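Quick one: structure below, then a few questions.
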Amino acid sequence: QVQLVESGGRLVQAGGSLRLSCAASGRTFSSAAMGWFRQTPGKEREFVAGIHWSGYSTDYADFAQARFTISRDNAKNTVYLQMNSLKPEDTAVYYCAARYSGGLTWVRQNVPKADWYDSWGQGTQVTVSS
């Protein structure tokens, strides 16, 4: 029903910036909590950032707190992840995720949990060179 498509990943030098985008189709985007996760080979999906359907509340992983910003434009059915001061350890496939009707269960304990989300995009590769 709802498709998520990430874009914006590329090779970037350490210290550089990228803005990832996640475009959603369907009629339920505006009511969905959205999250960004990342994954490297041999590791579980790692929470990066989450945002309430209204944008009123956000949550970040510790490593992302000072450098990354999640935002959304519901009119464009798009969520963004602005990444600044990138480090080689940020290299990963970045995934967009949606929890539909997420406002009903938006509690701090849920947002970082990958299995709380209903839908996932295909991912976009971010590579940070040292």
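The values are calculated or read from the model by the stated rules, or taken from the named source; none is laboratory data. Since the structure is predicted, the reported quantities are computational estimates derived from the model, not experimental observations. Counting neighbours? That spans all protein chains shown, and the Cβs are built from the backbone with ideal geometry, glycine included. Surface accessibility is based on the protein's heavy atoms, side chains included, excluding ligands, DNA and RNA. Shrake-Rupley method; radii C 1.70, N 1.55, O 1.52, S 1.80 Å.
Do the conditions hold for Ala23, that is, is it among the hydrophobic types (A, V, I, L, M, F, W, C), open to solvent by less than 40 Å² (accessible area, probe 1.4 Å) and touching a strand residue (DSSP E or B) at 6+ places or on another chain (Cβ under 7 Å)?
The answer is no for Ala23.
From the residues in the stretch 1-20 that are assigned to a strand (DSSP E or B) and open to solvent by 50 Å² or more (accessible area, probe 1.4 Å), which one is farthest from Arg67 (Cα to Cα)?
Of everything passing the filter in the stretch 1-20, Val5 is farthest from Arg67 (Cα to Cα).
Name the residues in the stretch 106-130 that are open to solvent by less than 70 Å² (accessible area, probe 1.4 Å) and either part of a loop (DSSP other than H, G, I, E, B) or of a type in the set (A, V, I, L, M) (or both), would you?
Trp106, Val107, Asn110, Val111, Pro112, Ala114, Tyr117, Gly121, Gly123, Val126, Val128, listed by residue number.
Scan the stretch 39-56 residue by residue and report those that are touching a Ser or Thr at 6+ places or on another chain (Cβ under 9 Å), under 13 Å from Tyr95 (Cβ atoms) and of a type outside the set (Gly, Ala, Ser).
Within the stretch 39-56, Thr40, Glu46 meet the criteria.
May I pose another question? Could you please find all residues in the stretch 72-130 being among the acidic types (Asp, Glu) and either within 14 Å of the chain's Cα centre (by Cα) or under 15 Å from Val5 (Cα atoms) (or both)?
Across the stretch 72-130, the qualifying residues are Asp73, Asp90, Asp118.
Residue under question is Arg99, and the condition is that it be of a type in the set (Lys, Arg), more than 24 Å from Thr127 (Cβ to Cβ) and in a strand (DSSP E or B); does it hold?
Yes: the conditions hold for Arg99.
Do the conditions hold for Asp62, that is, is it without any contact (Cβ under 8 Å) to a residue 24 or more places away in the chain, closer than 24 Å to Gly42 by Cα and open to solvent by 30 Å² or more (accessible area, probe 1.4 Å)?
Answer is yes for this residue.
Taking the residues in the stretch 34-53 that are without any contact (Cβ under 8 Å) to a residue 60 or more places away in the chain and not in a strand (DSSP E or B) as candidates, determine which candidate is least open to solvent (accessible area, probe 1.4 Å).
His52
Do you know which residues across the stretch 78-105 are open to solvent by less than 40 Å² (accessible area, probe 1.4 Å) and more than 24 Å from Gly8 (Cα to Cα)?
Those that are open to solvent by less than 40 Å² (accessible area, probe 1.4 Å) and more than 24 Å from Gly8 (Cα to Cα): Gly102, Gly103.
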